[in-house]
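> Take a look at the following structure, please.
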Amino acid sequence: MKCPVCGGDCIEDAQAVMDRVPGIFSPCPHCSYRVLDKNAPPPGRTYGPPCSCGKRFIDEVFAHLYVILVEEGVFSGKEPLKATGMPLIHPGFFTTGPPFLPPNSLVLVSPVVTPGAAARMVYEVPEVRGIVKSGDFVPGAVDPALARPPRTYDLLAGCDVRAGIFPTSAGPLVIFTQQSQMHIEFPRPRNPKIESVERVIAQATPRWFVDACAGSGTLGLCAARHGVKNVVLNDAWYAAAFWSAQNIIVNRAFFRVDEVTQHLSYSAMKDGQVSREPVLVAHTRGDQSLSVYWGDFRELYRVLPPEPVCTVLDLFDKSDREANRQVMREWQSRVPGEVFIP
C-alpha cells in the first residue's frame, strides 16, 4: 500500500509486520553497546557507527542525534541526552529492554529540533525515518464540541507513519498512524481500554458495535477481531478516520471480509480537516460488515440502524465526569443499546 505521506511502502499487511517482530530489535553476536546517562550530556561529541548487521543501540543513535543538535546550534552541549526528544520505534510493541535499532525504525518527536537539524538527521542517521517538531498540546481535534480548531505537530523531514502492535485476547492488531497528526499510543502487555471492550463484548454479545471516537481504530477493530458481525468506526478528525480505514485494510486477514472499499483519499480528507456530518470513508463486503465514517459522533445516529448497538465512547477528556455523563445521556437519547467509556 502506498504511503500517503512519503509515497513509499511504509504501510504493510499486519502479518508482514508481525513476521519481523521476533528479532527486529535484538542484537547480533557482534553488536556492541554503551548505556548512557539520560540526565547528562553524552561524554564527548562522539558516537559509534552501526554494527555490520545494520543495527545500533538506541543510546548510540541518540548520541548521534545529540551531536547534530550541537553542530546546528540548537544545543550548547550542556543539555541532558533526554532533551533530544522522545523515540518512537517502528513497529512499536512492548519490549523488556532497550532496542538495537535497524535502519528506518525511529520517529523522533522533539520540541527543540529545527528544520536544518531534521534534514541532517534523516540524511545522516540511518535509523531515523522521520522527525516531528512537537508542542505542548495533543495533536488532532481534542475538543468534543469541535468549537476549537485542531492543532498538529510539524513533520520536518522524512515520514512519520509508523505501526504499533496491540495485543488482544483474540490475537494482535497492527495499527498504523501518522504521528504528527494524532496522539501517541504505546503498546503494553495489558491495555485497560482493550480489556474493557473485551469484557463488554463477552457480556453483551452484540450484533452491532460502534467506536464513536475511534482515533486510529484500535477499539473498534478489537471488536471486529472478536467476531462482532457489524462494526462502525467514526471520528471527526480527518487523520483518525483515514487511518481507521487503512487499518481495516492492514488487518483484513483477521476479519471475515472479502473486500474493502475506500471512498475518500488522504488528500481530499486533509483538505477538509474536520467533518460534522457523517461521511462514509470505507466499508467492507463479506460475512462481517465494517464501516468507517468521518464526522461528529453526535451526528452518527443518522447512519446507524434502529436496532440496539453497543457503543464505546473513548472521549479525550475523562476527568470531567458530569460532562461525560451528559454526553452519554445525549447519545442514549438517540441510539438504543449500551454505551460505555473504556
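The values are calculated or read from the model by the stated rules, or taken from the named source; none is laboratory data. Only a predicted model underlies this, so the values are computations on that prediction, with no experimental measurement involved. All Cβ positions, even for glycine, are placed from backbone atoms using ideal geometry, and neighbour counts span all protein chains on display.
> Could you grab the pairs with beta carbons closer than 7 Å, sequence gap of 6+ or different chains, first residue in segment 192-210 and under 26 Å from Glu299 (Cα atoms), second one among the small types (Gly, Ala, Ser) and part of a helix (DSSP H, G or I)?
Val197/Ala223; Ile201/Ala223; Phe209/Gly220; Phe209/Ala223
> Oh, and also: Here are the criteria: (1) buried (at least 19 other Cβ atoms within 10 Å of the Cβ); (2) within 18 Å of Pro149 (Cβ to Cβ). Tell me which single one Ile248 does not satisfy.
Result: Ile248 passes all but (2).
> Also, I was wondering about something else. Being among the β-branched types (Val, Ile, Thr), at pLDDT below 95 and more than 19 Å from the chain's Cα centre (by Cα) is the filter here; which residues of segment 90-140 pass it?
Residue satisfying the conditions is Thr96 alone.
> Right, something else. Determine, yes or no, whether Phe186 is at pLDDT 95 or above and either aromatic (Phe, Trp, Tyr) or in the same structural domain as Pro111 (by TED's automatic domain parsing) (or both).
Taking the combined requirement at face value, the residue does not satisfy it.
> Quick one: is Ala118 on the phi < 0 side of the Ramachandran plot, out of contact with any helix residue (DSSP H, G or I) (no Cβ under 8 Å at 6 or more places or on another chain) and of a type outside the set (Asp, Glu)?
Criteria met by Ala118.
> Applying the selection to segment 182-206, what residues are over 21 Å from Pro308 (Cα atoms) and basic (Lys, Arg)?
Hits for segment 182-206 are Arg188, Arg190, Lys193.
> Pull up segment 55-70, narrow it to residues that are in contact with a Leu (Cβ under 7 Å, 6 or more places away or on another chain) and part of a helix (DSSP H, G or I), then point me to the one that is surrounded by the fewest Cβ atoms within 10 Å (Cβ to Cβ).
Among those residues, the one meeting the criterion is Asp59.
> Here is a list: Ser169, Ser196. Which entry is assigned to a loop (DSSP other than H, G, I, E, B), on the phi < 0 side of the Ramachandran plot and at pLDDT 95 or above?
Matching residue, one of Ser169, Ser196: Ser169.
> Of all residues being part of a loop (DSSP other than H, G, I, E, B) and surrounded by fewer than 17 Cβ atoms within 10 Å (Cβ to Cβ) in segment 12-26, which is modelled with the lowest pLDDT? Just the residue, please.
Out of the qualifying residues, it is Arg20.
> So Leu88 fits all but one of (1) in contact (Cβ under 8 Å) with a residue 60 or more places away in the chain; (2) aliphatic (A, V, I, L, M); (3) surrounded by fewer than 19 Cβ atoms within 10 Å (Cβ to Cβ); what number is the exception?
Condition not satisfied by Leu88: (3).
> Of the numbered conditions (1) outside any strand (DSSP E or B); (2) under 23 Å from Met18 (Cβ atoms); (3) not basic (Lys, Arg), Pro206 satisfies every one except a single condition; which is it?
Of everything listed in (1) outside any strand (DSSP E or B); (2) under 23 Å from Met18 (Cβ atoms); (3) not basic (Lys, Arg), Pro206 misses just condition (2).
> Shifting gears a bit: Assess whether Asn39 counts as being modelled with pLDDT of 95 or more, over 20 Å from Gly164 (Cβ atoms) and either surrounded by fewer than 20 Cβ atoms within 10 Å (Cβ to Cβ) or of a type in the set (A, V, I, L, M, F, W, C) (or both).
Against the criterion (modelled with pLDDT of 95 or more, over 20 Å from Gly164 (Cβ atoms) and either surrounded by fewer than 20 Cβ atoms within 10 Å (Cβ to Cβ) or of a type in the set (A, V, I, L, M, F, W, C) (or both)), Asn39 qualifies.
> Look at Arg188 and say whether it is of a type in the set (Lys, Arg) and part of a loop (DSSP other than H, G, I, E, B).
So Arg188 passes the test.
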